[in-house]
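What follows is calculated from the coordinates using simple rules that are stated; it is not laboratory data. Keep in mind that what you see is a predicted model, and the values were worked out from it rather than measured. Cβ sites come from the backbone with ideal geometry, for glycine too, and all protein chains shown count toward neighbours.
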Amino acid sequence: DSGVTQTPKHLITATGQRVTLRCSPRSGDLSVYWYQQSLDQGLQFLIQYYNGEERAKGNILERFSAQQFPDLHSELNLSSLELGDSALYFCASSVRRDSGLTTGANVLTFGAGSRLTVL
Amino acid sequence: DAKTTQPPSMDCAEGRAANLPCNHSTISGNEYVYWYRQIHSQGPQYIIHGLKNNETNEMASLIITEDRKSSTLILPHATLRDTAVYYCIVSWGAQKLVFGQGTRLTINP
């Protein structure tokens, strides 16, 4: 158990639907990162939040949105789903509360992922 | 785009040392070298990181060349459970990690 919790583990839905993936970061971590991994593809960075604020954005589709709540958990919302959105979605957390944003090392801890299947 | 270059695949015999190379010729002075691995479809697992000096932990050793343009991850006694895709990443601060295609390491019995 990495300390990063993702729910649901598996999700099957139909095209055109909307789903929400949830991530609870490791206790004490302020930053959350979302990644997408399609079948046999690499990990693609989607978005990063730090203490509730968006910090960096990758190639995230306009149909996708995310937010980080005051309790630091994060949700990734995927709407108007297409077959190509079927993928593993990973959440990672980092940046300890007692260290803050620095230019030093920053180790990400990943969750087990949410597997989304769009039929 | 990933700033590192790794061989797409490697094989290693069980019990032997696995040496995974990585080139990062454009690394900046404040960027760290990180190694992660992904076993099948599990979440990526942190292995080790370093800035200038060689590093060792309970999982592996990291050897960084003096010019910092390349590094080698060493798994001293590979087991079947070490079969995974290994990613070498350079990054600094709280930036996102950019994953390349990694090296698919297969440990053979």
Ignoring trypsin sites (Lys or Arg not before Pro) buried by more than 14 other Cβ within 10 Å or outside DSSP loops, the longest site-free run in chain A is A:19-62
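Determine the alpha carbon to alpha carbon distance for each of A:Lys9/B:Lys3; B:Lys3/B:Lys52; A:Lys57/B:Lys3 and list only those over 28 Å.
Result: A:Lys9/B:Lys3 exceed 28 Å.
Per the Kirkwood definition applied to all pairs of different Cα atoms, how many angstroms is the hydrodynamic radius of segment B:1-99?
Taking the inverse mean of 1/r over all distinct Cα pairs, segment B:1-99 comes out at 13.7 Å.
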Where in chain A lies the longest segment free of GluC sites (Glu not before Pro) that are both loop residues by DSSP (not H, G, I, E, B) and have at most 15 other Cβ atoms within 10 Å?
-> A:1-61
Mean projected area (nm²) from the convex hull of Cα positions in the protein assembly as shown is 12.4
Per DSSP, the loop-located GluC sites (Glu not before Pro) within segment B:4-109 having at most 12 other beta carbons within 10 Å are B:Glu58, B:Glu66
Restricting to aspartates and glutamates and to Cα separations under 19 Å from B:Lys69, and discarding same-chain partners fewer than 8 apart, the set is B:Asp1, B:Glu31, B:Glu55
Lys and Arg at +1, Asp and Glu at -1: add these up for the other residues within a Cβ distance under 15 Å of A:Ser114 and post the number.
-> +2
Pick from A:Ser31, A:Ser65, A:Ser74: which residue has the top mean-square fluctuation in a GNM of chain A where Cα pairs under 10 Å get a spring?
-> A:Ser65
Using the Cα gyration tensor of chain A, the equivalent ellipsoid's semi-axes, largest first and to the nearest Å, work out to 25, 13, 13
